[in-house]
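These notes concern the structure reproduced below.
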């Protein structure tokens, strides 16, 4: 898989332009819950999960692990089909850890998704410590037949932070998983959270260069959010965690992407959790509204992705 620089007026390499280069029709992800667990919850690595995580923030209302993958996809398609009748879909295995199972089960759920009408690919969200050669070889074979993205939760490049947030793996583990995945020609994405406890602006900007030294094809960047029912909720109310207001975050993000490799595709800048679960920050902005603000800020200040990146 080769990265491309988006042929748009945007000052960054945007996912929308990139995905349109792969498909001649409109594409929408549909989340599915395949009933997987997580080794950081079931005791194999830890219990209680990551300090920031409440998986209820990931699942739209149509996700129901008690339904088949096809049933979830068919229900999800109804959300989009009326507006875009010719739309095609990517099945997004997002909730929990979607390579955390035996190979036969993985084959069953992935292939059920791909055998659903109008589904033209899959996105597999997982942890870097939950892949092995057998799983990656199978995903490689899938990627030679259809569109596949493997999306790793990296969260931070700093091992001290990863320990604090109870992540259960190191950054070196993420690097190894990225290397093994990219080397098989599989499109590889990574998820990063900016503003984690103990990481100031300087540390986050340093992280951009470190992330750029991996072979990631796609990055998803989110602001730290405090979600009800997580360990961070208690720390936040004890005044141990600072969350960025929108102007602080835009400033940080602008610095971050300037230090990011220019050919890396940026899929997202923010996350928008359900209002009933979100404690902070409450910006009152939809994702596209934030993106418009951010793009205007970049253009006003003549900033663009990769501007300050040094190999």
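The numbers here are math on the coordinates, done by the rules we state, and not lab data. What you are looking at is a predicted structure, and each value in this text was computed from that prediction instead of being measured. Cβ sites come from the backbone with ideal geometry, for glycine too, and all protein chains shown count toward neighbours.
Figures for the structure shown
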item: Ranked packing of 71-81, 87-97, most packed first, by mean Cβ within 10 Å; result: 87-97, 71-81
item: The chain: relative contact order as a whole-number percent, Cα under 8 Å and 6+ apart; result: 19
item: Segment 178-206 and segment 209-223: distance between their alpha carbon centers, rounded to Å; result: 4
item: Rg [Å, one decimal], Dmax [Å, integer] - segment 199-264, C-alpha atoms; result: 13.9, 41
item: Values of log10 I(q)/I(0), in the order q = 0.15, 0.18 Å⁻¹, for segment 163-310 under a Debye, Cα-only, solvent-free model; result: -0.85, -1.18
item: Between segment 249-311 and segment 115-129, the Cα center-to-center distance that results, in Å; result: 26
item: Order of 14, 200, 104 under a 10 Å beta carbon neighbour criterion, fewest first; result: 104, 200, 14
item: Alpha-carbon Debye profile of segment 106-175, log10 I(q)/I(0) at 0.25 Å⁻¹; result: -1.07
